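In what follows, a structure is listed as structure tokens, so that the remarks can point back to it.
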Amino acid sequence: MWELSICVASQNIDIAKFVYQTLKSQRGDFSAVVTCYEQFDSFFILWACPVEFRQKASVVIENCVIRAVCNFYKDRFLTENLHLPIHENISMTAFKKALINFDRETDMYIISKYLLLDKNLHLDSFYNFKLKSLRDKWGELVMLANENGEYLTSQEAFFDLLRFLIDNLEVMEDEINVFEEDDGFHIKTKSAPTLSKEALVSSLIELCPKKINLFCQTDNNTAKFLSKIFEERVNICYNKNLEKFSVLK
């Protein structure tokens, strides 16, 4: 059997949950066993699979770790270091998410260069001690944004920068349908999990589709915001026209 332990500090329970749930969902492809326990203020995620699956399983685990660093650690880095005069929560959510996904290919390359899957991986230590060059890269981006904070008080300047960031993200989906219901927003189908407007904006930036079909009940601020940042990619259909698109429900 090939065994691997991934350790995450208990204070980073969101990261531990992500790693555990991601690996658990893919264990069947490798006849693997995935368990998790907490000890000494740390969470331990344990992976064990037959040796013949080690190479392919390593790719899956490496991708999981890279995503954890790119999403969770970068989000925390931006939260701690960005100091911008942006008052609307939805605007800051969009800006942070765009920065998280901006130049992700380089981030992933740097992480993979230093990542070694041996018997034990202490994820917090790996981030703190091995990925200094990655944090320096993020720091340059944050410094540039902070130095231009006064300029970004202008709504026009802010949205120009946000659109630039989004336009330079990798497209992950060709077309996505978004439905507005009384309880919130649903991506792709009405039975999908309910999202707040901030979560919707974050998800759409992550997916970065070529086209967004937004089915709204009313002419609301969320639709206007999405139109500002995605521009011609957004196709808005208000409630009075929904019967034309019943096939998509």
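The values are calculated or read from the model by the stated rules, or taken from the named source; none is laboratory data. A quick note: this is a predicted structure, and the numbers were derived from the prediction, not measured. Don't worry about glycine lacking a Cβ; one is built from the backbone with ideal geometry, like all the others, and counts go over all protein chains shown.
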Restricting to segment 173-193, and then to whatever is modelled with pLDDT under 90 and out of contact with any Lys or Arg (no Cβ under 9 Å at 6 or more places or on another chain), can you tell me which residue is surrounded by the fewest Cβ atoms within 10 Å (Cβ to Cβ)? Asp182
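Is it the case that some residue within segment 55-66 is polar (S, T, N, Q) and closer than 19 Å to Ile166 by Cα? Even if it seems obvious, please write down each step before you answer.
Step one: filter segment 55-66 for residues polar (S, T, N, Q), giving 55, 58, 63.
Remaining after also requiring closer than 19 Å to Ile166 by Cα: none.
Checked against the condition, which is being polar (S, T, N, Q) and closer than 19 Å to Ile166 by Cα, segment 55-66 yields no hits at all.
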Farther than 26 Å from Ser203 by Cα and surrounded by 12 or more Cβ atoms within 10 Å (Cβ to Cβ): is that true of Phe126 in this structure? yes
Tell me, which strands (runs of 3 or more DSSP E) wholly within segment 95-211 include 3 or more residues that are assigned by TED's automatic domain parsing to the domain that holds Ile66 and touching a residue at least 40 places away in the same chain (Cβ under 8 Å)? 120-122
Which numbered condition in (1) at pLDDT below 90; (2) surrounded by fewer than 17 Cβ atoms within 10 Å (Cβ to Cβ) is the only one that Leu207 fails? (1)
Spot the failing condition for Phe102; the list is (1) modelled with pLDDT of 95 or more; (2) in contact with a Leu (Cβ under 6 Å, 6 or more places away or on another chain), and only one is missed. (1)
Taking segment 85-94, which residues are among the hydrophobic types (A, V, I, L, M, F, W, C) and touching a helix residue (DSSP H, G or I) at 6+ places or on another chain (Cβ under 6 Å)? Ile86, Ile90, Ala94
